[in-house]
Amino acid sequence: TRLGILIVRHLKRLERVILGYLEVSDGPGEEARLGILETLQCTIEHAWPRMPCRLPVLLKALLRLLWDVHTERGPTPEPVRAALLQRATQCLILLDRCCQGQVLLAGLHSCCEESQLQECFRKVQEST
């Protein structure tokens, strides 16, 4: 957050780092994933004019994270899973706002039977 809009200079490299951290679970506490979701949120807030062109890649990564967190049955406690889902949902909401409603989840909402994921999708759609 110190860089503010200057983060745009480093956006390509930062995007690669964010995507890498989102892909891999880092243990029961998921500190790295939670931290990188916070970083992504700050990045979206500060570099929002540059987000529409990054929407496809970030949307795919966030949806994959939501699915992985929901389906993996490892040692991660439920409060940590809930925090991951909440932060990923918040990132989707921010992406949707800066991309003027381009985050289209209606199809996913209707075909996904998982209640936790439906709730995430509903929150994003309601924020539009």
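The values are calculated or read from the model by the stated rules, or taken from the named source; none is laboratory data. Everything quoted here is computed from the prediction, not taken from an experiment. Every residue, glycine among them, receives a Cβ derived from its backbone with ideal geometry; neighbour counts consider all protein chains shown. Heads up: the accessible areas ignore ligands, DNA and RNA and are worked out on the full protein's heavy atoms, side chains in. Shrake-Rupley method; radii C 1.70, N 1.55, O 1.52, S 1.80 Å.
Only residues that are among the basic types (K, R) and more than 20 Å from G29 (Cβ to Cβ) were counted in the range 44-91, giving 4.
Here is a yes/no grid of residues against (1) in a helix (DSSP H, G or I); (2) modelled with pLDDT of 90 or more; (3) open to solvent by 10 Å² or more (accessible area, probe 1.4 Å):
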| residue | (1), (2), (3) |
| --- | --- |
| R33 | yes, yes, no |
| I36 | yes, yes, yes |
| T39 | yes, yes, yes |
| I44 | yes, yes, no |
| P49 | yes, no, yes |
| V57 | yes, yes, yes |
| L66 | yes, yes, no |
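Across the range 1-17, the qualifying residues are those that are under 19 Å from the mean Cα position of the chain (by Cα) and basic (K, R), and the one among them that is modelled with the lowest pLDDT is K12.
Listed conditions (1) of a type outside the set (A, V, I, L, M); (2) part of a helix (DSSP H, G or I); (3) open to solvent by 30 Å² or more (accessible area, probe 1.4 Å) are all met by D26, apart from (2). Checking L94, L108 one by one, the residue that is touching a helix residue (DSSP H, G or I) at 6+ places or on another chain (Cβ under 8 Å), open to solvent by 10 Å² or more (accessible area, probe 1.4 Å), within 26 Å of R16 (Cβ to Cβ) and at pLDDT below 85 is L108 and no other.
Annotation: of all residues in the range 112-123 being among the hydrophobic types (A, V, I, L, M, F, W, C), assigned to a helix (DSSP H, G or I) and modelled with pLDDT under 80, the one that is farthest from I93 (Cα to Cα) is L117. Within the range 33-60, residues that are free of Cβ contacts under 8 Å to residues at least 60 places away in the same chain and hydrophobic (A, V, I, L, M, F, W, C) have Cβ atoms under 8 Å from residues that are buried (at least 17 other Cβ atoms within 10 Å of the Cβ) and not in a helix (DSSP H, G or I) in these pairs: I44/M51; M51/C99; L55/C99; L55/V103; L58/M51; L59/V103, counting only partners at least 6 apart in sequence or on another chain.
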